[in-house]
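Here is the structure we will look at, set down as structure tokens.
The values are calculated or read from the model by the stated rules, or taken from the named source; none is laboratory data. Only a predicted model underlies this, so the values are computations on that prediction, with no experimental measurement involved. Note that we place each Cβ from the backbone using ideal geometry, even for glycine, and neighbour counts take in every protein chain shown.
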Amino acid sequence: MTLPQLNIYRHDRGRRALITLAGEIDPATAPQLCAALERCLTDGITTIDVDLTTVDRCDSGGLRVFLDASRHAAETHASLRLHYPSPQTARLLAYMGSDPLLL
């Protein structure tokens, strides 16, 4: 059995960051994602765009990371937005009532 993997790529333009994710977001990879999003805020980024085009799967733990990061971003007058979620991730966001906050 292979462990889930998540690749995180960050491209900054001024105070805006594009985070492109590839792989799976689950309990094994959520801490890595959390650290990357927090690092953006620590670095003074005010707009974080997360591209989910190549995310194969995102569980409720991954959603929790996004919600916590979004809340923390709002506290620092920054924003976090998710783009191009898979149908499964979009359904999860809608089911949790989080889609207006993140999409």
Revision key, fill the gap. By residue number, the members of segment 25-55 that are surrounded by 15 or more Cβ atoms within 10 Å (Cβ to Cβ), closer than 15 Å to Leu6 by Cβ and touching a strand residue (DSSP E or B) at 6+ places or on another chain (Cβ under 9 Å) are Ile25, Asp26, Thr29, Ala30, Gln32, Leu33, Ala36, Leu37, Val50, Asp51, Leu52, Val55
Point to revise | Every residue from segment 6-24 that is under 14 Å from Ala78 (Cα atoms) and buried (at least 18 other Cβ atoms within 10 Å of the Cβ) | key: Ala17
Point to revise | Odd one out for Leu3, checked against (1) among the hydrophobic types (A, V, I, L, M, F, W, C); (2) farther than 15 Å from Gly62 by Cβ; (3) in contact with a Leu (Cβ under 8 Å, 6 or more places away or on another chain) | key: (3)
**Study point:** Residue check, Leu21 touching a residue at least 40 places away in the same chain (Cβ under 8 Å), under 12 Å from the mean Cα position of the chain (by Cα), on the phi < 0 side of the Ramachandran plot and not in a loop (DSSP other than H, G, I, E, B)
**Key:** no
**Study point:** The listed residue being within 19 Å of Ser98 (Cβ to Cβ), modelled with pLDDT of 95 or more and charged (D, E, K, R), out of Asp26, Asp49, Asp43
**Key:** Asp49
Practice item. Could you check how many residues of segment 57-103 are assigned to a loop (DSSP other than H, G, I, E, B), among the small types (Gly, Ala, Ser) and either surrounded by 14 or more Cβ atoms within 10 Å (Cβ to Cβ) or within 12 Å of the chain's Cα centre (by Cα) (or both)? Key: 3
